[in-house]
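What follows draws every value from the coordinates through simple rules; no lab data is involved. This structure is a prediction, so every number in the text was calculated from the model and none was measured. Backbone-built Cβ (ideal geometry, glycine too); neighbour counts: all protein chains shown.
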Amino acid sequence: MHIKEIELNNFKSFGRKAKIPFFDDFTTISGPNGSGKSNVIDSILFCLGLSNSRSMRAEKLTDLIYSVNGKSPGSADVTIRFDNTDREMPIDQDEVTITRRIKSSDSGYYSYYYFNEKPVSLSEIHEHLLKAKISPDGYNVVMQGDVTRIIEVSNFERRKMIDEIAGTAEFDEKTDKALSE
Ligand code: ATP
Ligand code: MG
């Protein structure tokens, strides 16, 4: 399974509808500083609910909505189209789509998730992703600055990161929990 296309509407710097194609094996995005490369990565984290707004470099989720001179359309959405021809996600469809939309209001913002265009909850999205071995708590994206951070942290912190990546951290947690009972 791989991402075929990302569609962005009013997400961060993408004020106009943008469709970004991805290839089967390897895709590079290049462009000048501030042109929106990292915003594309943020859109993946946002759409799949893989992180909080801080790691998407936004104070609050409404900062993810495109705005110029304080004017904002009030909503944003990102759709990821997955190629599922290898049936890695156990659904008998060649294409699987996940959409997340946020709408801001006076009382805050509201998030809406869709799986194949049907409204679902975030936990349902995560259940589907888990079936394709994408763990929402996993180390899915190497963010800008992560490589230098891994070099700079203490040995203990680095060991913790490796345990997370290797997937053994969750068993350590379960062991601790069992021992404390
Ligand atoms: P670099 O090469 O420096 O890492 P980049 O291509 O990764 O740059 P991004 O960080 O993706 O660039 O994009 C930053 C740009 O996105 C900034 O110009 C910023 O103003 C713009 N931006 C972020 N949030 C919004 C928003 N809500 N509305 C409009 N523009 C936004
Ligand atoms: Mg960047």
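Just a few scattered comments:
- Summing Lys and Arg as +1 and Asp and Glu as -1 over all other residues whose Cβ lies under 15 Å from the Cβ of Thr99 gives a net charge of +2.
- Full extension of the chain between Asp25 and Lys131 gives 36.1 nm of extra length, using 0.36 nm per residue less the Cα-Cα distance.
- Amide H to amide H, with H built 1.01 Å from N, Ile65 comes under 5 Å of Lys12, counting only residues 5 or more places away or on other chains.
- The Cα center of region 1-70 and the Cα center of region 147-170 differ in position by 26 Å.
- Lysine pairs in region 58-148 whose alpha-carbon atoms fall under 24 angstrom of each other, counting only those eight or more residues apart or on distinct chains, come to 6.
- Modelled FRET efficiency - R0 30 Å, Ser72 with Lys118, Cβ distances, 0.05 increments: 0.60
- Of Leu45, Leu64, Leu129, the one that fluctuates the most in a GNM where the chain has Cα springs shorter than 10 Å: Leu129
- Sequence ranges 166-175, 119-128, 97-106, 5-14, ranked by mean other-Cβ count within 10 angstrom, highest first: 5-14, 97-106, 119-128, 166-175
- Region 3-76 shape via C-alpha gyration tensor axes, a/c threshold 1.5: prolate
- Calculated on C-alpha atoms, the gyration radius of the chain divided by its Kirkwood radius gives an Rg/Rh of 0.99.
- Order by protection proxy (mean Cβ within 10 Å, highest first), peptides 17-26, 76-85, 35-44: 76-85, 35-44, 17-26
- Taking Gly138, Gly108, Gly49 in turn, the Gaussian network model of the chain (Cα-Cα springs below 10 Å) assigns the largest fluctuation to Gly108.
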